[in-house]
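**Q** Before I ask anything, let me first share the structure, which is written out below as structure tokens.
The values are calculated or read from the model by the stated rules, or taken from the named source; none is laboratory data. Because the structure is a prediction, the values reported are computed rather than measured. Ideal geometry is used to build each Cβ from the backbone, glycine not excepted, and the neighbour counts take in all protein chains shown. Ligands, DNA and RNA are excluded from the accessible area calculation, which covers all protein heavy atoms including side chains. Shrake-Rupley method; radii C 1.70, N 1.55, O 1.52, S 1.80 Å.
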Amino acid sequence: MGLELYLDLVSQPCRSVYIFAKKNGIPFEFKHVPLFKGQHKAEEFAKVNVLRKVPALKDADFTLAESIAILLYLARKFKTPDHWYPSDLQKRARVDEYLSWQHMAIRMCGTKVYLTKAIAPIFLDEPLPPAKLNGALEDLNGVLKQFEEKFLQDRPFIVGNEISLADLVAIVELMQPVAAGCNVFEGRPKMAAWRRRVEEAVGKDLFLEAHELLLKPKDTTTESLPPEVKEQLKQNLLKYLK
């Protein structure tokens, strides 16, 4: 059995794994796990990832969860170019620093904006109060300032002159609020230039392919969902947006 990647490209971490594998010519079988249909909660998927989250990796009898762990596994197993996860001690530490910071910063704040603007209207019976979105946008603007001042500064990429896993993880997260109509690059020329460099380093066609599902006009409804799945997704959404 070859490498299997269980993904839904609406998910930021899934896109980072997908882009990394494709860019580096890593052969894999794409296993689609549609989040909005609740398939990640199915018993069958739990055999691959008991945490019932995507992305997930299956390599013969070996399974792995969590996107950062998967990215590092692929980088090491397939000996991808050094710039992705540098062998230089201090450059690698900078990648690790960003990957450690982003979970509770860019990822959390960008996801809240996306869920509040794009997903909550689909699953909730009543609109969220405007203060909820305003607060999410305020938090996002705060971490974007930190991203520019601390991690990007005046460098072409987060760790110098070449793209790394830090840039890849950052760009997919920042595209999430963009998909909800919040262009985080507008009015931020330094970040906009960085985005163009990342897209060019990844390959514009691959970048667009990975984000096509996220960026296309939304026609998602809950009509086809079993009531219990819809309710579970709704409760998960409310819990995240507290």
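**Q** Taking K239 as the anchor, which aspartates and glutamates have their alpha carbon closer than 14 Å to its alpha carbon, excluding any fewer than eight residues away along the same chain?
**A** Correct list for K239: E231.
**Q** Amide H to amide H under 5 Å from A56: which residues, 5+ apart in sequence or cross-chain, H placed 1.01 Å off N in plane?
**A** Y6
**Q** Same structure again: Using a simple charge model, +1 on the beta-carbon of Lys and Arg, -1 on the beta-carbon of Asp and Glu, nothing else, what dipole does the chain show about its Cα centre, in debye to the nearest 20? Let's see the in-between values first.
**A** Working: 35 positive and 32 negative charges, 54 e Å.
Computed about the Cα centre, the dipole is about 260 debye.
**Q** Full-extension gain between M104 and E44, please, as 0.36 nm times their residue separation minus the C-alpha to C-alpha distance.
**A** 18.6 nm is the gain from fully extending M104 to E44.
**Q** Something else now. Which residues' amide hydrogens lie under 5 Å from the amide hydrogen of L3, considering only partners 5 or more residues apart or on another chain, with H built in the peptide plane?
**A** Residues meeting the amide H criterion: E29.
**Q** Let me ask you something else. So if we plug the beta-carbon distance of D154 and L215 into 1/(1 + (r/R0)^6) with R0 = 35 Å, what FRET efficiency do we get, rounded to 0.05?
**A** 0.75
**Q** I'd like the distance between the alpha-carbon centres of segment 153-175 and segment 18-85, rounded to an integer number of Å.
**A** Answer, in whole Å: 21.
**Q** How many Å² of accessible area per residue for the chain, probe 1.4 Å?
**A** On the way: 12300 Å² over 242 residues.
Ligands and nucleic acids excluded, the result is 51 Å² per residue.
**Q** Which whole-Hz ³J(HN,Hα) couplings does segment 12-18 yield from phi under the Karplus relation 6.51 cos²θ - 1.76 cosθ + 1.60, θ = phi - 60°, glycine and proline marked x?
**A** Running phi through 6.51 cos²θ - 1.76 cosθ + 1.60 with θ = phi - 60° gives 4, x, 5, 5, 5, 5, 4 Hz.
**Q** OK, next. Percent of accessible area on the chain owned by carbon and sulfur, 1.4 Å probe?
**A** Looking at the chain in its full context, I get 52 percent from C and S.
**Q** Positive end of the dipole of the chain, charges at C-beta (+1 Lys, Arg; -1 Asp, Glu), about the Cα centre: which of G135, Y114, A180 has its Cα farthest in that direction?
**A** Highest projection toward the positive end goes to G135.
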